[in-house]
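Would you mind keeping the following structure in view while I ask a few things?
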Amino acid sequence: RQRQMCIRDRRYINHFFETFPQYTSNYSASTIDAFNGEAYFLRAYIYFALVKRYGGVPILKETQSYPEQSLEELQLPRNTEFEVYDFIAEDLNKAIQLLPETSIERGRANKYIAAALKSRAMLFAGSIAKYGTYPDSRCPAVGIPKERANEYFQLSFEASKMLEGKYSLHL
């Protein structure tokens, strides 16, 4: 069920990226940036949920449509796990750049929430690289090369530094 929701939501987000430009005249530049930033954030969140469970998954940047497309066109190979984490980092960088510092309303993403997700996802990727096995002979799309561990840890650290002074823990 979780997988079906992720796939459906990923499709909706790609559809948003394809169709939203024709409606941008109805919105201010800051609202357009916020909507696009939230979409990048949500797509990264969905891919993070998928890659944690399945390792490398196909990266889709366009909406797929059946029966307009053939089954061969719809069947995409899995990307490697580190390609998916790189894609997550790319989407979160865009989200951080586009999102406002405060949420539009409660429960919505902002720049610092995107930075927190990036820190967590990159820490997860770094841990897989450092402590996991690569390549996994059972499934080549799973695993991250050990030499990428410090790169992911550095990305996690840089994202977490953005949060200093923005949020605090209540004891």
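The values are calculated or read from the model by the stated rules, or taken from the named source; none is laboratory data. Values in this document were obtained by computation on a predicted structure and should not be read as measured data. Methodologically, a virtual Cβ is constructed for each residue, glycine included, from the backbone with ideal geometry; neighbour enumeration extends over all protein chains shown. The accessibility values were calculated without ligands, DNA or RNA, using every heavy atom of the protein model including side chains. Shrake-Rupley method; radii C 1.70, N 1.55, O 1.52, S 1.80 Å.
Whether any residue in the stretch 26-38 is closer than 28 Å to residue 138 by Cβ and either of a type in the set (A, V, I, L, M) or touching a helix residue (DSSP H, G or I) at 6+ places or on another chain (Cβ under 7 Å) (or both) is what I want to check.
There is no residue in the stretch 26-38 that is closer than 28 Å to residue 138 by Cβ and either of a type in the set (A, V, I, L, M) or touching a helix residue (DSSP H, G or I) at 6+ places or on another chain (Cβ under 7 Å) (or both).
Could we say that residue 141 is among the small types (Gly, Ala, Ser) and within 21 Å of residue 161 (Cα to Cα) here?
no
Give the residue that is nearest to the chain's Cα centre (by Cα), with candidates limited to residues of the stretch 84-108 that are closer than 14 Å to residue 39 by Cα and crowded, with 23+ Cβ neighbours inside 10 Å.
The qualifying residue nearest to the chain's Cα centre (by Cα) is 88.
Using the structure shown, decide if residue 149 is open to solvent by less than 20 Å² (accessible area, probe 1.4 Å), free of Cβ contacts under 8 Å to residues at least 24 places away in the same chain and not acidic (Asp, Glu).
Taking the combined requirement at face value, the residue satisfies it.
Being under 19 Å from the mean Cα position of the chain (by Cα), in contact (Cβ under 8 Å) with a residue 60 or more places away in the chain and crowded, with 17+ Cβ neighbours inside 10 Å narrows it down to one of 128, 113, so name that one.
113
Could you please tell me which pairs satisfy a Cβ distance under 8 Å, a separation of 6+ or placement on different chains, a first residue in the stretch 87-110 that is over 12 Å from residue 42 (Cα atoms), and a second residue that is surrounded by 16 or more Cβ atoms within 10 Å (Cβ to Cβ) and hydroxyl-bearing (Ser, Thr, Tyr)?
87/47; 98/40; 101/112
Here is a follow-up. Can you give me the number of residues within the stretch 69-109 that are modelled with pLDDT under 95 and either over 21 Å from residue 59 (Cα atoms) or assigned to a loop (DSSP other than H, G, I, E, B) (or both)?
Number satisfying all stated conditions: 18.
Also, quick follow-up: Can you tell me which of (1) hydroxyl-bearing (Ser, Thr, Tyr); (2) farther than 30 Å from residue 147 by Cβ; (3) open to solvent by 50 Å² or more (accessible area, probe 1.4 Å) is the one residue 70 doesn't meet?
The single condition residue 70 does not satisfy is (3).
Looking at the stretch 19-30, I want the residues that are among the small types (Gly, Ala, Ser) and have a partner that is surrounded by 10 or more Cβ atoms within 10 Å (Cβ to Cβ) with Cβ atoms under 8 Å, at least 6 apart or on another chain. Which pairs are those?
Hits for this filter: 30/100.
For (1) open to solvent by 40 Å² or more (accessible area, probe 1.4 Å); (2) closer than 22 Å to residue 118 by Cα; (3) at pLDDT below 95; (4) in contact with an Asp or Glu (Cβ under 8 Å, 6 or more places away or on another chain), each residue gets a yes or a no:
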{"residue": "3", "(1), (2), (3), (4)": "yes, yes, yes, no"}
{"residue": "7", "(1), (2), (3), (4)": "yes, yes, yes, no"}
{"residue": "11", "(1), (2), (3), (4)": "yes, yes, yes, no"}
{"residue": "15", "(1), (2), (3), (4)": "yes, no, yes, no"}
{"residue": "19", "(1), (2), (3), (4)": "no, no, yes, no"}
{"residue": "22", "(1), (2), (3), (4)": "yes, no, yes, no"}
{"residue": "26", "(1), (2), (3), (4)": "yes, no, yes, no"}
{"residue": "30", "(1), (2), (3), (4)": "yes, no, yes, no"}
{"residue": "44", "(1), (2), (3), (4)": "no, yes, no, yes"}
